[in-house]
Amino acid sequence: MGILQKLLSFLFSQLILVLMVSNHNNAMGLKLGYYHKTCPNAESIISKTTYRFISRAPTLAAPLLRMHFHDCFVRGCDGSVLLNSTKASISEKDAIPNQSLRGYHVIDAVKSAVEEACSGVVSCADILALVARDSVSMIHGPYWKVPLGRRDGRVSILNEVFAELPAPFANITQLKQMFAAKGLNTKDLAVLSGGHTIGTSHCLGFTNRLYNFTGKGDTDPSMDPNYIVKLKQKCKPRDTTALVEMDPGSFKTFDEAYYTLVAKRRGLFQSDSALLDDPETKAYVILQASTHGSTFAKDFSESMVKMGQVGVLTGNQGEIRKHCALVN
């Protein structure tokens with residue numbers, strides 16, 4: 001390794017250290033029962049309002065979980081993904097990876113119910129963190145305690161999404177670096193990828209693996225060829241509208257089946273298959289696949305709490321938005 005490479009590697013590790021310290025200090029400003037005195041019924045109102053939607057449309061759980069993930073990876077968990085674009089600036093919401101997000105109407109309904117009870121107290125960032133948790137729990141997934149006290153950011157920039165958000169085409173090195181930059185480790189990467197046990201994807205996220213993997217009209221050799229045949233029946237080349245289950249047969253159920261699929265080389269995205277390219281993530285995939293997800297629920301809860309503390313604004317930082325799509 002040359003001197004320049006060593007220096008760059010050292011600087012990168014120092015940058016991650018600085019980010020982790022600032023993340024940790026702000027995360028210390030979060031606590032359980034944060035609204036106990038200022039809005040005692042907040043969590044109960046949020047849960048009841050979320051249930052009204054999830055009980056009728058359980059498939060909303062996946063996009064709401066994804067929305068929280070997309071929020072936390074860009075500028076931290078500050079509700080920036082919820083902001084509308086303005087004449088002055090195009091927001092995260094309009095970036096291609098976020099154009100398929102849905103469930104904003106749930107966040108708006110929850111915010112409106114909370115505002116009625118206590119105006120200007122509960123942040124949109126906290127609402128999103130609780131709605132994601134409640135949605136997963138309501139479809140029989142794990143339940144985790146959410147420390148609260150996040151404040152809402154005032155900035156949302158389209159281009160930051162491409163730099164910060166892990167893409168479905170990412171390889172294991174890129175994934176590990178992007179997670180490390182958020183203070184999340186390799187185990188968190190393997191665990192949070194398991195969120196793909198619920199939900200659907202447009203063909204666009206993986207058709208390169210079926211039709212043109214290296215630009216020569218070939219398929220991805222890391223994917224089970226029998227699975228490729230099935231996917232080709234659902235996704236024709238250049239299909240931008242069809243939806244495919246990420247965890248076929250159990251895409252509405254929060255379970256460990258995702259890991260069984262990845263172990264059989266049937267992960268839908270390159271970023272799913274990439275989990276087999278690292279000893280630690282591969283071991284985690286095989287452990288969950290071979291033990292019916294013995295530790296998955298507990299691990300997922302722990303990693304979600306960690307992710308929910310990434311880059312949070314606390315104290316006097318940011319604001320409490322009156323409407324989640326608009327800065328005050």
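The values are calculated or read from the model by the stated rules, or taken from the named source; none is laboratory data. Computed from a prediction, not measured in an experiment: that's the story for all the values here. Cβ placement follows ideal geometry from the backbone for every residue including glycine, while neighbour counts extend to all protein chains displayed. Accessible surface areas use protein heavy atoms only, side chains included; no ligands, DNA or RNA. Shrake-Rupley method; radii C 1.70, N 1.55, O 1.52, S 1.80 Å.
Summary table below
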| quantity | calculated |
| --- | --- |
| Residue selected from region 237-260 under the condition without any contact (Cβ under 8 Å) to a residue 40 or more places away in the chain and over 14 Å from residue 209 (Cβ atoms), by the criterion surrounded by the fewest Cβ atoms within 10 Å (Cβ to Cβ) | 241 |
| Given (1) open to solvent by less than 20 Å² (accessible area, probe 1.4 Å); (2) under 30 Å from residue 34 (Cα atoms); (3) polar (S, T, N, Q), number of the condition residue 295 does not satisfy | (1) |
| Residue satisfying all of: in region 63-91; within 14 Å of the chain's Cα centre (by Cα) and among the charged types (D, E, K, R); most open to solvent (accessible area, probe 1.4 Å) among these | 75 |
| Residue within region 215-225 that is touching a Lys or Arg at 6+ places or on another chain (Cβ under 9 Å), surrounded by 14 or more Cβ atoms within 10 Å (Cβ to Cβ) and not in a loop (DSSP other than H, G, I, E, B) present | no |
| Residue in region 27-44 that is assigned to a helix (DSSP H, G or I), open to solvent by less than 70 Å² (accessible area, probe 1.4 Å), out of contact with any His (no Cβ under 8 Å at 6 or more places or on another chain) and at pLDDT below 95 present | yes |
| Qualifying residue in region 156-169 (condition: polar (S, T, N, Q) and outside the structural domain of residue 278 (by the TED database)) | yes |
| Residue within region 137-145 that is without any contact (Cβ under 8 Å) to a residue 24 or more places away in the chain and within 20 Å of residue 254 (Cβ to Cβ) present | yes |
| From 327, 305, residue being closer than 23 Å to residue 183 by Cα and either in contact with a His (Cβ under 7 Å, 6 or more places away or on another chain) or open to solvent by 30 Å² or more (accessible area, probe 1.4 Å) (or both) | 305 |
| Answer from 268, 275, 313, 287 - the residue that is outside the structural domain of residue 135 (by the TED database) and surrounded by fewer than 20 Cβ atoms within 10 Å (Cβ to Cβ) | 287 |
| Qualifying residue in region 45-60 (condition: within 15 Å of the chain's Cα centre (by Cα), touching a residue at least 12 places away in the same chain (Cβ under 8 Å) and assigned by the TED database to the domain that holds residue 146) | yes |
| Flag if residue 216 is modelled with pLDDT of 95 or more and among the charged types (D, E, K, R) | no |
| Residue, surrounded by the most Cβ atoms within 10 Å (Cβ to Cβ), within region 193-214, restricted to residues that are among the hydrophobic types (A, V, I, L, M, F, W, C) and part of a loop (DSSP other than H, G, I, E, B) | 198 |
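One line per residue, one yes/no per condition, for (1) in contact with a Ser or Thr (Cβ under 7 Å, 6 or more places away or on another chain); (2) in a helix (DSSP H, G or I); (3) surrounded by fewer than 22 Cβ atoms within 10 Å (Cβ to Cβ):
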position: 113; (1), (2), (3): yes, yes, yes
position: 121; (1), (2), (3): yes, no, yes
position: 129; (1), (2), (3): no, yes, no
position: 132; (1), (2), (3): no, yes, no
position: 142; (1), (2), (3): yes, no, yes
position: 160; (1), (2), (3): no, yes, yes
position: 184; (1), (2), (3): no, no, no
position: 188; (1), (2), (3): yes, yes, yes
position: 191; (1), (2), (3): yes, yes, no
